[in-house]
1. Quick test of your reading of the structure: A:Gly149 fulfils all but one of (1) at pLDDT below 95; (2) crowded, with 24+ Cβ neighbours inside 10 Å; (3) among the small types (Gly, Ala, Ser). Name the failing condition by number.
2. Just the residues that are crowded, with 18+ Cβ neighbours inside 10 Å, out of contact with any Pro (no Cβ under 7 Å at 6 or more places or on another chain) and not in a helix (DSSP H, G or I), please, taken from the stretch B:254-270.
3. Out of curiosity, is A:Gly140 at pLDDT below 95, of a type in the set (Gly, Ala, Ser), surrounded by fewer than 19 Cβ atoms within 10 Å (Cβ to Cβ) and part of a helix (DSSP H, G or I)?
4. All but one of (1) within 14 Å of chain B (Cβ to nearest Cβ); (2) within 19 Å of A:Ala150 (Cβ to Cβ) hold for A:Leu253; which doesn't?
5. Within the stretch A:183-196, restricting attention to residues that are farther than 22 Å from A:Ser148 by Cβ and exposed (fewer than 15 other Cβ atoms within 10 Å of the Cβ), which residue is farthest from the other protein chains (Cβ to nearest Cβ)?
6. When you go through B:Gly276, B:Gly287 one by one, which is the residue that is under 30 Å from B:Ile47 (Cβ atoms), surrounded by 15 or more Cβ atoms within 10 Å (Cβ to Cβ) and of a type outside the set (Val, Ile, Thr)?
There are 2 protein chains.
Amino acid sequence: MNFVLGIDGGGTSCRAALATVDGAVVGRAKSGAANIRTDLTGARANIVEAARQAFIAAGQDPELIPETPAILGLAGANVGTYRQQLEAILPFSKSRVETDAEIALEGAVGSGDGAMAILGTGTAYMARKKGKSRAIGGWGFQVGDQGSGARIGRDLLEQTLLAYDGIRPGSPLTDAMLAVFRNNPEDVVEFTTNAKPGDFGGFAPKVFEHAEKGDPVANWILDKAVADVEASLGALDLADDAPLCLLGGLAPLYAPRLSARYQTLLKAPLDDALGGAVQMAVRIFAGKSRGGR
Amino acid sequence: MNFVLGIDGGGTSCRAALATVDGAVVGRAKSGAANIRTDLTGARANIVEAARQAFIAAGQDPELIPETPAILGLAGANVGTYRQQLEAILPFSKSRVETDAEIALEGAVGSGDGAMAILGTGTAYMARKKGKSRAIGGWGFQVGDQGSGARIGRDLLEQTLLAYDGIRPGSPLTDAMLAVFRNNPEDVVEFTTNAKPGDFGGFAPKVFEHAEKGDPVANWILDKAVADVEASLGALDLADDAPLCLLGGLAPLYAPRLSARYQTLLKAPLDDALGGAVQMAVRIFAGKSRGGR
């Protein structure tokens, strides 16, 4: 064994990194979607293609694939038996399928204890304590994803309509939102009928921006969002010295708003999810660790 | 003119009542949907058919339709120019198209001042002060309809997942809900993906039922819902002697939970929406009123 593979696959693309047994990445490549829930054989094909291209990018022979072990982090790997089904048909010397969250956590905090909060269109959390990982959240914006961009955007539209009806006080932000919809609440309702999480989430940066300027509705929404995020962090029961990484598009906006308890735990992520897969492969298959933090 | 017509039309059916100029209903009938937003000519056909059948039910000649004035309460009448378009093509001697809420209010509180709260799968409010009506709410459960069955059901699923993740305390109610979904949060998420307001609202009676038994999560959800309903009532700025009617499937469940301020205003509705259309027709076209309350 001269190399290990890290794979990071999801609904839009699949990335692969080829690394030496010391964890030095020597080739990277990208292919199409690897959605194991909707297309297992298509996912396998794109995973293998990304691996092949990573060998080629490294100037190495793809014929080495059957001698190379791989860690794969894949969205949906925690549901049903997709993980076992995929592991059975992969061409690597050894294959271990983890969730996308697991390799993201490894990338962010390394192999030791620590936690991450993914704060984007959705929200999800994962913590590792004494080697054991626990994931919470990520249930989608309809009945979960508290503090997410989607929830913040939905809250803003709700507050905008409440202000329109004179039920709650308006603000420059709700005025601006209503203007986006031609000052017509029917247009807001029309928008919400088919809006996807990302459509609601598109309004979230506006809320942070207006909160900075002191907008009371924006601050009300974000105070609730921060409380929701901290309630989730609270459930992770983090140790006082555990590194906490914020990931996702809203991470830099949330960081300065967290309370002192969590501010002191914040660390920049060591690496991304693909890097996490590589490091996990080195740790598990080559018996080496870059050490904790 | 010997008769007046009251019409109550919506997305599933259209009801008509023929009454004497004194407001005594002599014939009733029902036909198909009268959705003026999606099918204006189809709505007209069903409206005329319901009117015809009401004449026949009363033992009267439908040929009298062109001599008979009508009040029509139709869902969607407040949007765009559907109202004017329909009035122009109706066969009655005089036609006046109102919203479904307007005739429901007339039915509930009569021609004087008063208010109604429709508390069902959705929520909406209307008040009349010095002859002027004002409607608020009814924007749908995604970003409105606070306190509705749909919102209560959605809140319950959210609290159930938060309890599952250990973020908020669970209760017998959240335990029971999770059991409905085979103790699998993925099943909850699956349900919410395509759930209609009525699907969420189906859980609302369960929340009221458990709240009665002291369930803390049920009471937390309902305290919020009652506060939301009262915030909307507050925005209506009701007079101290104005009758307030609660309509909709959740009305009897909400009534005992309202604060004293609103308890004292509560009155049973005088009549339903169709009766309201009839009484409005008598008042406007025959110049007679049954008097306020």
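1. (1)
2. Of everything in the stretch B:254-270, those that are crowded, with 18+ Cβ neighbours inside 10 Å, out of contact with any Pro (no Cβ under 7 Å at 6 or more places or on another chain) and not in a helix (DSSP H, G or I) turn out to be B:Leu258, B:Pro269, B:Leu270.
3. On the way: at pLDDT below 95: yes; of a type in the set (Gly, Ala, Ser): yes; surrounded by fewer than 19 Cβ atoms within 10 Å (Cβ to Cβ): yes; part of a helix (DSSP H, G or I): no.
No: the conditions fail for A:Gly140.
4. (1)
5. From the stretch A:183-196, those farther than 22 Å from A:Ser148 by Cβ are A:183-187, A:190; that's our starting set.
Okay, now just the ones that are also exposed (fewer than 15 other Cβ atoms within 10 Å of the Cβ), so A:183-184, A:186-187, A:190.
Details: A:Asn183: 15, A:Asn184: 10, A:Glu186: 6, A:Asp187: 11, A:Glu190: 10 Å.
For the stretch A:183-196, the residue satisfying everything is A:Asn183.
6. Values: B:Gly287 fails: surrounded by 15 or more Cβ atoms within 10 Å (Cβ to Cβ).
None of the others qualify; the one that does is B:Gly276.
For (1) of a type in the set (Ser, Thr, Tyr); (2) within 14 Å of another protein chain (Cβ to nearest Cβ); (3) within 23 Å of A:Leu250 (Cβ to Cβ), each residue gets a yes or a no:
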residue: A:Thr160; (1), (2), (3): yes, yes, yes
residue: A:Tyr164; (1), (2), (3): yes, yes, no
residue: A:Met177; (1), (2), (3): no, yes, yes
residue: A:Phe181; (1), (2), (3): no, yes, no
residue: A:Gly198; (1), (2), (3): no, no, yes
residue: A:Gly214; (1), (2), (3): no, no, yes
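For every residue, the table says whether it meets (1) surrounded by fewer than 16 Cβ atoms within 10 Å (Cβ to Cβ); (2) hydrophobic (A, V, I, L, M, F, W, C).
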site: A:Gly10; (1), (2): no, no
site: A:Ser13; (1), (2): yes, no
site: A:Ala34; (1), (2): no, yes
site: A:Phe55; (1), (2): no, yes
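The values are calculated or read from the model by the stated rules, or taken from the named source; none is laboratory data. What you see is a predicted model, and the numbers here were worked out from it, not measured in a lab. Every residue, glycine among them, receives a Cβ derived from its backbone with ideal geometry; neighbour counts consider all protein chains shown.
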